[in-house]
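Okay, structure first, notes after.
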Amino acid sequence: MKNAPEITFDSAFAEDTYKGLKSDPKFLLSKYIYDKNGDKLFQKIMDMPEYYLTSCEFDILKLNAENIADSFSSENGFDLIELGAGDGKKTKILLKDMVEKGYNFDYLPVDISQNVLDELENSLKEEIPEASVKVQQGTYFKTLEKLSEYNSRKKVILVLGSNIGNLSHKDAVDFLNNIRNAMSPEDMLFMGFDQKKHPQKILDAYNDPSGITEDFNKNLLVRINSELDGDFNLNNFLHWETYDPETGTAKSFLVSKKVQEVNIKKLDLQIHFDAWETIHTEISQKYDDSVVKWLADEAGLSVEKSFGDKENCYKNYIFRR
Ligand code: AVJ
């Protein structure tokens, strides 16, 4: 059998872009939205009135801070490890409460970006100088592995923002399973899951009239243009959102408004788009208790407790292995 011609790529971004645009139907991976510009756009999304996720989770943490902090605490102290801390706006509610109570803990925010960590560290020095902060630059699972190797006290792992929603159920189980492998029996996982709700409310959150989500979605094309020398014309694509209330899956697309050719020099690639042809860019999965329980079961975790807002728009769950 003859091997397919080998193509070598300069980066994972180049390789994934090539594969996604060669596929039928076309797709791009949402994780590549987050460069400097993408991070900024996501901050703007979190401030939009339509993006209810942020304020829902904020309220849940605020309302239940004592309860949550209590369940974290442990006689020998604990490490609070946050995967994807961002600006820490929500975590600070918990940190303040735990500092006030005199809990013995270290806060270990994990992020791939040293820049994000520096900013977070500085703001914490200002706002909660009593907190012991040990930033961890690296990927989630390598860092978790490292931490569980030479750390014996209780770990509380925090994943806020329903970030798991970008993963298919299969990938979500792998993600949870990776976390579980780093957990000892006394450790806890505290995680946010956006819930199924009125479909219109979900569509509105991902289709704001000001066009911030559109810019966020199109940042994939902006990155291809600048990093891979592409010539996407952003005006020739529209942002489209769908939500399937049966599966709970919101999907983002970029739709080609006309027949067009796009060149990507660094991939040595010319792509043809039919009129109204799609590029699938992101999923934002919505959950209910039974789906969360099923995912946990599959990953060898059990749900210990959950906290919701009045309307159960959003929920935070505590898991144990
Ligand atoms: C960061 C994955 C939680 O899916 O709600 C926001 C990303 N995409 N608006 C989400 C996002 C479009 C967000 N997560």
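Would you grab the residues whose amide H sits under 5 Å from the one on residue 74? Only those 5+ places off in sequence or on another chain, please, with H modelled 1.01 Å from N.
none
Using label points projected 7 Å from each Cα along Cα→Cβ, tell me how many nm separate residue 67 and residue 225, to one decimal.
About 4.8 nm separates the two model spin labels.
Measure out, as a whole number of angstrom, how far apart the alpha-carbon centroids of segment 211-244 and segment 126-185 sit.
31 Å
So, counting K/R as plus one and D/E as minus one, what does the shell of residues with Cβ under 12 Å around residue 230 add up to? Walk me through the numbers before you get to the answer.
Values: positive: 223, 265, 266; negative: 227, 229, 231, 261, 268.
Residues near residue 230 contribute -2 overall.
So what's the back-of-envelope 222 nm ellipticity for the chain, counting only DSSP H runs of four-plus at -39500 (n - 2.57) apiece and dividing by all residues, rounded to 500? Walk me through the intermediate numbers first.
Working: 10 runs with 123 residues, N = 321.
After summing the helix terms and dividing by the residues of the chain, the value is -12000 deg cm²/dmol.
Using the alpha carbons of the chain, what is the convex hull volume per residue in cubic angstrom, as a whole number?
Values: hull volume 51.1 nm³, N = 321.
Enclosed volume per residue, from the Cα hull, is 159 Å³.
Using Cβ contacts closer than 10 Å as the measure, can you line up 56, 313 from fewest to most? Walk me through the intermediate numbers first.
Details: 56 24, 313 20.
Arranged by neighbour count, lowest to highest, 56, 313 become 313, 56.
Apply the Karplus curve 6.51 cos²θ - 1.76 cosθ + 1.60, θ = phi - 60°, to the phi angles in segment 124-135 and return the couplings in whole Hz, x for Gly and Pro.
So the Karplus estimates, Gly and Pro as x, are 5, 4, 6, 8, 9, x, 6, 6, 8, 10, 10, 5 Hz.
Where does the charge balance sit around residue 186 when Lys and Arg score +1, Asp and Glu -1, over other residues with C-beta under 10 Å from its C-beta? Could the numbers behind the result be given before it?
Working: positive: 153, 154, 155, 320, 321; negative: 187.
Taking every Cβ under 10 Å from that of residue 186, the sum is +4.
So for 54, 281, fewest C-beta neighbours within 10 Å to most, what's the order? Before the final figure, lay out each step's value.
Details: 54 19, 281 25.
Listing 54, 281 from fewest to most nearby Cβ atoms yields 54, 281.
Can you tally the net charge around residue 151? Count Lys and Arg as +1, Asp and Glu as -1, for every other residue whose Cβ sits under 13 Å from the Cβ of residue 151. Provide the component values of the computation, followed by the final result.
Numbers: positive: 134, 146, 153, 154, 155; negative: 79, 106, 145, 149, 186, 187.
Within the 13 Å Cβ shell, the charges total -1.
I'd like the Karplus ³J(HN,Hα) series for segment 294-307: coefficients 6.51, -1.76, 1.60, θ = phi - 60°, whole numbers in Hz, and an x wherever there's a Gly or Pro.
5, 4, 4, 3, 4, 9, x, 10, 10, 7, 9, 6, 9, 10
Where in segment 219-321 are there GluC sites (Glu not before Pro) that are in a DSSP coil and have at most 12 other Cβ atoms within 10 angstrom of their Cβ? Walk me through the intermediate numbers first.
Values: sites: 227, 241, 246, 261, 277, 282, 298, 304, 311; in loops: 246, 277, 311.
Those that pass, being in a loop and sparsely packed, are 246, 311.
What is the spin-label model distance, in nm, from residue 249 to residue 104 if the labels are put 7 Å beyond Cα along the C-beta direction?
For the pair residue 249/residue 104, the computed spacing is 4.8 nm.
Could you size up the charge dipole of segment 70-130 around its Cα centre, putting +1 on the beta carbon of Lys and Arg and -1 on that of Asp and Glu, and report it in debye to the nearest 20? Walk me through the numbers on the way to the answer.
Details: 6 positive and 15 negative charges, 34 e Å.
Computed about the Cα centre, the dipole is about 160 debye.
Treating only the Cβ of Lys, Arg, Asp and Glu as charged (+1, +1, -1, -1), what charge dipole size does segment 7-74 show about its Cα centre? Round to the nearest 20 debye. Kindly include the intermediate steps, with their values, before the conclusion.
Working: 8 positive and 12 negative charges, 67 e Å.
Using only the charged Cβ atoms, the result is roughly 320 debye.
So, with +1 on the Cβ of K and R and -1 on the Cβ of D and E, and no other charges, what is the size of the charge dipole of the chain about its Cα centre, to the nearest 20 debye? All intermediate terms of the calculation are to be shown ahead of the outcome.
Numbers: 40 positive and 56 negative charges, 71 e Å.
Here the chain has a charge dipole of around 340 debye.
Would you kindly derive the ³J(HN,Hα) couplings of segment 89-94 from the backbone phi angles with the Karplus curve 6.51 cos²θ - 1.76 cosθ + 1.60 (θ = phi - 60°), listing them in order in whole Hz, with x for Gly and Pro?
4, 6, 4, 4, 4, 5
Give the order of 232, 27 when sorted by the count of other beta carbons within 10 angstrom, beginning with the fewest.
On the way: 232 22, 27 17.
Listing 232, 27 from fewest to most nearby Cβ atoms yields 27, 232.
Express in nm, to one decimal, how much length is gained between residue 168 and residue 288 on full extension, taking 0.36 nm for each residue of separation and deducting their alpha carbon distance. Intermediate values should be presented prior to the final figure.
Values: separation 120, 0.36 × 120 = 43.20 nm, distance 1.50 nm.
So the chain would gain 41.7 nm between residue 168 and residue 288.
Among 40/92; 44/134; 90/257; 170/258, which pairs are too far apart, with a Cα-Cα distance over 31 Å? List each step's numbers first, then the result.
Numbers: 40/92 20 Å; 44/134 27 Å; 90/257 39 Å; 170/258 35 Å.
Over 31 Å apart, Cα to Cα: 90/257; 170/258.
Name the residue from 295, 11, 179 whose Cα lies farthest towards the positive end of the charge dipole of the chain, charges +1 on Cβ of Lys and Arg and -1 on Cβ of Asp and Glu.
Towards the positive end, the residue furthest out is 295.
Bear in mind these aren't lab numbers, they're just calculated from the coordinates by the rules spelled out. The structure presented is a predicted model; accordingly, all values stated were derived computationally and were not measured. Quick reminder, even Gly has a Cβ in these numbers, built from the backbone with ideal geometry, and neighbours come from all protein chains shown.
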